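Below you'll find the structure, written out as structure tokens, and then a few comments.
Rule-based calculations on the coordinates, nothing more; no lab input. In this text the structure is predicted, and so the values were computed from the model without any measurement. For neighbour counting, all protein chains shown are included, and Cβ atoms are generated from backbone atoms with ideal geometry for every residue, glycine included.
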Amino acid sequence: MALEPTKYGEMTNSAGQLIEFFEHPLRGDEASVIAVCRYHELAAYTGFYELDDMTSDHKEYEPVFIDNELYIGESKAD
């Protein structure tokens, strides 16, 4: 965060976590979107390069932090 990455957007997931989405500060859009939950002081790569699927109403790819790990839908993010 010290490198002031570009913020793509944010959402509140169904677990009530505020998830912010950032571009990698050095690799830009060559790296997948980074999901950040400031409340839990966690950040992780999502594996996605756009927000559409993660923020859609169907919630199939909704990001959520569980036990300090990022899950996208029901799968653990890489």
ask   = Taking Cα pairs under 8 Å and at least six residues apart, what relative contact order does the chain come out at, in percent?
value = 20 percent
key: Note, ³J(HN,Hα) from phi for segment 51-65, Karplus 6.51, -1.76, 1.60, rounded to Hz, x at Gly and Pro   = 8, 3, 5, 6, 9, 6, 5, 6, 6, 5, 10, 5, x, 8, 8
inquiry  = Just to be sure I follow the definition: excluding the sites themselves, where is the longest run in the chain that has none of the GluC sites (Glu not before Pro) in a DSSP loop with at most 15 other Cβ atoms within 10 Å?
reply    = 1-29
inquiry  = Let me check the size of the chain from its C-alpha atoms; what are the radius of gyration and Dmax in Å?
reply    = 11.4, 34
note = Calc'd 3J(HN,Hα), segment 15-25, phi into Karplus 6.51 cos²θ - 1.76 cosθ + 1.60 (θ = phi - 60°), Hz, glycine/Pro = x, comes to 8, x, 7, 7, 10, 9, 10, 10, 7, 4, x
task = Give me the distance between the Cα centres of segment 4-21 and segment 25-54, rounded to whole Å.
result = 9 Å
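Are there any chymotrypsin sites (Phe, Trp or Tyr not before Pro) in segment 45-75 that are in a DSSP loop and have at most 15 other Cβ atoms within 10 Å? List them by number.
Tyr49
Please report Leu3, Leu70 as a ranked list, fewest other C-beta atoms within 10 angstrom at the top and most at the bottom. Don't jump to the answer; show the numbers that get you there.
Values: Leu3 7, Leu70 23.
Fewest-to-most Cβ neighbours within 10 Å comes out as Leu3, Leu70.
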query = Taking +1 at the Cβ of each Lys and Arg and -1 at the Cβ of each Asp and Glu, which of Thr46, Ala2, Gln17 sits farthest along the dipole of the chain towards its positive end, judged by Cα position relative to the Cα centre?
reply = Ala2
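What size of dipole, in debye to the nearest 20, comes out for the chain about its Cα centre when the only charges are +1 on Lys and Arg C-beta atoms and -1 on Asp and Glu C-beta atoms?
Working: 5 positive and 17 negative charges, 48 e Å.
In debye, rounded to 20, the chain gives about 220.
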